[in-house]
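Quick notes on the structure that follows.
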Amino acid sequence: MAMYALGLSVLQDVISYEKTQVKQVAYADDLKGAGKIIDLKKWWTLVNENGPIIGYTPNATKFILIVKPEHYDNGVRLFSGSGVIVTKDGQRHLGAVIGTEEFKAKYVGEKVSEWVKEVDVLSDMAKTEPHAAYSAFTHGLQHRWSFVKRTIPGISLLLRPLEESIRNISLPAVLRSHIIGDNVRELLTFPPRLGGMGITSPEKLADKENLNSINLTSSLTEKTIAQDANGETDQNAILELKKTISRDRQSAPVESLERLKGALLDDTVRRIHTAQETGASNWLTCLPIRAKGFSLNKQEFVDAVALRYGWPVEGIPKTCVCGAPNNVNHTMTCKRGGFVCIRHDEVRDVTASMLREVCRDVSSEPTLLPLDGEQLQYRTANIANEARVDVSARGFCTRGEKAFMDIRIFDPMAACHRGISLEAAHQRNEQEKIRAYGDRI
């Protein structure tokens, strides 16, 4: 890019605004100018005469003259025989578009039609691989229309067919025909760290993204209009503007989510708070790499999303092995159903496996020393002779010293925790473990 700029600077001295009355700007080898038609004719002649001398050979078939409808005939007459294409409608330019509202609508409409087809293809894939389809959409496909949103103003309505395709075809395919209401659709647009799924709405983001782009490039726009080739852009001001935009992008979803919570069920709000816990959404944001064990099959992914938002889980038995009516909340807390032990043992085994990478003498469920008349501080302390903790490791905190760890898995939706905050629930369970094992260890 720097070499292009140096090479074209010689030509731009010859065709400068002072000599041609044409306001111009160059990006790499893409040269463009704006002004009256008679001045543009003079500018074009100078480009043809002086460009080849420095190695810039203009290709007339790639030069497009965009004029207002009332000046079309004059443009055709002045540029007759030059090979320049004259249009009164518009033309694609650097991935965006310049021209009439009708041409803009046609251009964006063609883009949207192409994207809708891609969404449909991904939706077909979601029938067998919903996790991969979701990851492909959030990490790749939804960024396909970012440039258009930023560079073409007033296209939010033109993007509605794309949003309808996402809402009515893609999301039901990924989530297994779950009804996507307005509140659910808005919830899914939030980033995973806030309890959403990061499936953004192109229609709602278009105007804001375009405004951010205009504000961020305003200094360059002003210099182009003023034809100021010597002044320097205040990089510190641009950096501050980037930080402001970044802060707005961080705070706007938080404010929108707070408003949405008022329209959601208390159960859903509680689950959103749970999903906002540190690391609770890593399974959504990581790439589904099968070799690393991060890829979920279609049943696992659909069930995981259903558990995340409290939606019905298909296929669970109507009656638990304990004889009680079964549902998701009962499964999470029933001591006879086995799921409580499975979750606990999985965390225990992973913890022990990771500790073996860095510590010595790692044991699962080691027996604590028996008591010989010692008096423990709390009445709830574990005084059994065969008392065990979940994991022990030597050298974890202090060299040569053994550390003992006990794991507690709790359900934040359980009746005993529902009435308190998640932070209070964590503290309650932590204190119970400390009272049970603190003095004993």
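Every read-out reported here was derived from the displayed coordinates using simple, explicitly stated rules and does not represent laboratory data. Keep in mind that this is a model prediction, so the values were computed, not measured. Positions of Cβ are backbone-derived with ideal geometry, glycine not excepted, and every protein chain shown enters the neighbour counts.
Computed from the Cβ-Cβ distance with R0 of 30 Å, the FRET efficiency linking K223 to T57 stands at 0.60. For region 405-439, the residues whose amide N sits under 12 Å from a probe point set 7 Å from the Cα of I316 along the beta carbon direction are 413-414.
Working out 0.36 nm times the residue gap between R408 and M125, then minus their Cα-Cα distance, what length gain in nm do you get to one decimal? Don't jump to the answer; show the numbers that get you there.
Working: separation 283, 0.36 × 283 = 101.88 nm, distance 3.85 nm.
Answer, rounded to one decimal: 98.0 nm.
Taking every Cα-Cα distance in region 344-421 and sorting them into 10 Å bins from zero, the calculated P(r) comes out as 16, 35, 32, 16, 1 percent. The charge dipole of the chain, taken about its Cα centre with unit charges on the Cβ of Lys, Arg, Asp and Glu (plus for the first two, minus for the last two), comes to roughly 300 debye. Each principal axis of region 103-275 carries a Cα extent, and these read 58, 37, 25 Å when sorted largest first. Computed over neighbours whose Cβ is under 11 Å from that of G195, the net charge equals +4, Lys and Arg +1, Asp and Glu -1.
Rounded to the nearest 10 degrees, the inclination of helix 2-14 to the longest alpha-carbon principal axis of the chain is 30 degrees.
Across region 21-37, the residues whose backbone nitrogen lies under 14 Å from the label position 7 Å along the beta-carbon direction of N50 are 21-25. Remark: C-alpha extents of the chain on the principal axes read 106, 52, 39 Å, sorted largest to smallest.
In deg cm²/dmol, rounded to 500, what helix-only [θ] at 222 nm does the chain give when every DSSP H run of at least 4 residues adds -39500 (n - 2.57) and the total is split over its residues?
Numbers: 20 runs with 218 residues, N = 441.
Per the formula, -15000 deg cm²/dmol.
Proximity of backbone amide H atoms, modeled 1.01 Å from N, is registered between L65 and I85, V86, T87 at under 5 Å, excluding neighbours fewer than 5 places apart on the same chain.
Highest mean packing first, where packing is the average number of other Cβ atoms within 10 Å per residue, the peptides 259-270, 315-326, 402-413 line up as 402-413, 259-270, 315-326. Computed over region 275-370, relative contact order equals 10 percent, with contacts defined as Cα pairs under 8 Å that lie 6+ residues apart. For region 343-419, the set of GluC sites (Glu not before Pro) satisfying both a DSSP loop assignment and a count of at most 12 other C-beta atoms within 10 Å is given as E357, E374, E386, E401. For G310, no residue whose modelled amide H falls within less than 5 Å of its own remains once neighbours fewer than 5 places apart on the same chain are excluded.
Seen from every direction in turn and averaged, the convex hull around the alpha carbons of region 2-88 projects onto 5.2 nm². Would you mind estimating how fast region 270-333 diffuses translationally, via Stokes-Einstein at 4 °C and 1.567 mPa s with the Kirkwood radius over Cα pairs, in µm²/s? Stokes-Einstein gives a translational diffusion coefficient of 96 µm²/s.
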